[in-house]
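Colleague: The following block contains the structure, expressed as structure tokens.
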Amino acid sequence: MIVDALKVYVTVVEQSHFSKAGELLNLSQPGVSLHIRNLENELGTRLLHRSPKQVRMTEAGTILYKYAKQILSLYDDAGREIRLLRDEVTGNLQIGASFTIGEYILPARLAEFARQYPLVSLQVTIGNTEEIIAAVRANQLDVGFIEGETADPELTIIPYMKDEMIVIAPAGHPLADSLAVEQDMLQDQTWVLREHGSGTRAYSDHFLQESGVHVKRSYVFNSSQGVKEAVAAGLGLGMLSRWIVRKELAGGEISELRLRQRLLEREFLIIRHTDNPEGMAVQMFIKKVLAAPEK
């Protein structure tokens, strides 16, 4: 098996000696030599310079060593995942998510996870970022997804994905036809905002303050759905994740105000209580969502 030959090759290189490699692998020196010879025959080149005292790689051998390490690592990863398929993953999984993630991203990820691990019981709590952080800190949730920042020493933080924030306006708004909106064109507008404690509100407040935008009047909603509907109804401008408004933008119900030379990005985070033991269900869930492609 090629994996066996690669293991022998890597061990020989790292030990710089055939006999020492054989001792570690419980192989005779002729057995080690046979694996190396088979690799050299298959690749059509010499991989090692042999001498009585040491073994050195050729240029080709150096290339093979680099890729052999990667191949062996991937092979080990595959073996672990295959063994997990044989072991039933069970238990209860308490998940918390802020509104954007919980309503627009997590459902598809949960469906995929539930199909693969049907014996895991899932319960999802959706709240604003501060509420999810507090629940994870109190060990009421196994894992949380937030759209704001936190530096809480009690929490383990895992970067999840980038999120693009956009400024939205009612269809037909005077700024909607502008190819590039300057920040001073946003002065003295009415804004529809999320409540304090929301990651979206924290980001929009930071943007308005950093840009020096004066808000003429504001309305506050405690859900992104409420903000979206209010903007569509003509109440004012808003700032939301592109995830939330994709359908409405495509349907022409609202308009995106494209800011000149400004990309608004934030990062979604996965959080866990540092002292809370990580069970198999939690491990597999986090691994599953991190591996899922963005759609």
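The values are calculated or read from the model by the stated rules, or taken from the named source; none is laboratory data. Note that the structure is a prediction, hence the values are computed from the model and not measured. Here the Cβ positions follow ideal geometry from the backbone for every residue, glycine too, while neighbour counts run over all protein chains shown. SASA here: full protein model, heavy atoms, side chains in, ligands and nucleic acids out. Shrake-Rupley method; radii C 1.70, N 1.55, O 1.52, S 1.80 Å.
Colleague: Pop a pseudo-label 7 angstrom from the Cα along the beta-carbon direction at both Ile2 and Thr125 and give the gap in nm to one decimal.
Modeller: In this crude spin-label approximation the distance works out to 5.0 nm.
Colleague: Taking a ≥ b ≥ c as the square roots of the eigenvalues of the Cα gyration tensor of the stretch 162-266, is the shape rounded (a/c under 1.5), prolate (a/b larger than b/c) or oblate?
Modeller: Taking the square roots of the gyration eigenvalues as a ≥ b ≥ c, the stretch 162-266 is rounded.
Colleague: Top to bottom by accessible area (1.4 Å), largest first, where do Ser224, Ser218 land?
Modeller: Largest accessible area first, the residues go Ser218, Ser224.
Colleague: Express in whole angstrom the spacing between the alpha-carbon centres of the stretch 132-211 and the stretch 1-57.
Modeller: 56 Å
Colleague: Could you work out what % of the accessible surface of the chain is carbon and sulfur, using a 1.4 angstrom probe and leaving DNA, RNA and ligands out of the count?
Modeller: 50 percent
Colleague: About the Cα centre of the stretch 37-161, what is the dipole size in debye to 20, counting +1 per Lys and Arg Cβ and -1 per Asp and Glu Cβ, all else neutral?
Modeller: 1200 debye
Colleague: Can you give the FRET efficiency to the nearest 0.05 for Glu59 and Leu34, using r as the Cβ-Cβ distance and R₀ = 22 Å?
Modeller: After rounding to 0.05, the efficiency reads 0.40.
Colleague: Could you work out the helix-only [θ] at 222 nm for the chain, with each DSSP H run of four or more residues adding -39,500 (n - 2.57) and the total divided by the number of residues, to the nearest 500 deg cm²/dmol?
Modeller: Dividing the helical sum by the residues of the chain leaves -14500 deg cm²/dmol.
Colleague: While we're looking at this one, here's another question. For the pair Glu265 and Gln140, how long in nm is the line joining their label points, each one 7 Å along Cα→Cβ?
Modeller: The modelled label-to-label distance comes out at 3.4 nm.
Colleague: Here is a further query. Output the 0 to 90 degree angle, nearest 10, between the alpha-carbon long axis of helix 29-43 and the longest principal axis computed from the alpha carbons of the chain.
Modeller: With both axes taken from Cα atoms, the answer is about 60 degrees.
Colleague: While we're on this one: Between beta-carbons, use under 14 Å as the cut-off and find the net charge around Ile270, counting Lys and Arg +1, Asp and Glu -1.
Modeller: Computed value for this residue: -2.
Colleague: Among the listed pairs Lys20/Lys69; Lys20/Lys66; Lys69/Lys288; Lys162/Lys228; Lys228/Lys288; Lys162/Lys287, give every one whose C-alpha distance is greater than 27 Å.
Modeller: In this structure, Lys228/Lys288 exceed 27 Å between Cα atoms.
Colleague: Which part of the stretch 5-37 falls in the paramagnetic zone of Ser51, meaning amide N under 17 Å from the point 7 Å along Cα-to-beta-carbon?
Modeller: In the stretch 5-37, the label zone of Ser51 (backbone N under 17 Å from the point 7 Å along Cα→Cβ) covers 13-19.
Colleague: Something else: Packing-wise, with mean Cβ within 10 Å as the measure, how do 263-273, 19-29 rank, highest first?
Modeller: 263-273, 19-29
Colleague: Among Pro170, Ser211, Ile158, whose Cα projects farthest towards the positive end of the dipole of the chain, with charges put on the beta-carbon of Lys, Arg (+1) and Asp, Glu (-1)?
Modeller: Positive-most Cα among the choices belongs to Ile158.
Colleague: Testing the spin-label approximation: label points 7 Å from Cα along Cα→Cβ at Arg115 and Ala291. State their distance in nm.
Modeller: That separation, rounded to one decimal, is 1.4 nm.
Colleague: If the cut-off is a Cα-Cα distance under 18 Å, which aspartates and glutamates reach Lys53, setting aside same-chain residues fewer than 8 apart in sequence?
Modeller: Glu14, Glu23
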